[in-house]
Amino acid sequence: MSARAGQQLQFAIVRRYLVPSAKTTTKGLAVIPSGTGVEVAGADSDVAIGIALNTCVAGQYCDVALFAHGVIKAKCGTGGSTFGKKQILVADGFTDAPADNGAGTTKPTYGFALETAVAADEFELALTSPANRTTT
């Protein structure tokens, strides 16, 4: 006997994103940034931002439950911030975390960017647990 999966979204952060040309989303699968929209994430993607709540094709809007506890305005630091990338602290704000390359040094990440920004701009930062780590 199989159990039916339930859904409880009253505390979830849900955002709506346009699905770009030649892309799709599938309800229940993780999504990654694609331009200013989203598409289905591939296996082992480290930039998934949430889970699609509906199946969509190019030109449609997809509701996405974000992998986040909250969303705040943060200051973009040297290096800039890119939609969907994990963010680390630098002296003047937040910037994109380096790619995970399996080296021995770790840096805590504090969330992921919900928009692209340049140094000194404010941008939306999706807050996640600082226990997330990236190696450099």
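Nothing in this text is a laboratory measurement; each read-out follows from the coordinates by a stated rule. Here the structure is a predicted model, which means the values were calculated and not measured. Cβ coordinates were reconstructed from backbone atoms using ideal geometry, including for glycine residues, and neighbour counts include every protein chain displayed.
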Q.
I need the calculated FRET efficiency for the pair ALA5 and HIS69, taking r as the beta carbon distance and R₀ as 30 Å, to the nearest 0.05.
A. 0.85
Q: Would you look at the GNM of the chain, springs on alpha carbons closer than 10 Å, and say which of VAL38, VAL71, VAL90 moves the most?
A: VAL90
Q. In the chain, how many lysine pairs have Cα atoms under 21 Å apart, counting only pairs 8 or more places apart or on different chains?
A. 8
Q.
Suppose a student asked you for the relative contact order of the range 10-136, using Cα pairs under 8 Å spaced at least 6 residues apart; what percent would you report?
A. 22 percent
Q | Relative contact order, percent, the range 14-66 [alpha-carbon distance under 8 Å, six or more residues apart] | A | 46 percent
Q: Let me see the pair-distance distribution of the chain: every alpha carbon pair, 10 Å bin width, integer percents in order.
A: 13, 39, 33, 13, 2, 0
Q: Tell me which residues come under 5 Å, amide H to amide H, from LYS85 once H is placed; ignore anything under 5 positions away on its chain.
A: ALA113
Q | Residue with peak Gaussian network fluctuation, the chain [Cα springs, cutoff 10 Å], from VAL57, VAL19, VAL31 | A | VAL57
Q: Using a 10 angstrom cutoff on alpha carbons, build the Gaussian network for the chain and name the most mobile of ALA12, ALA65, ALA126.
A: ALA12
Q: Counting only trypsin sites (Lys or Arg not before Pro) that are in a DSSP loop and have at most 15 other C-beta atoms within 10 Å, tell me the longest site-free stretch of the chain.
A: 28-136
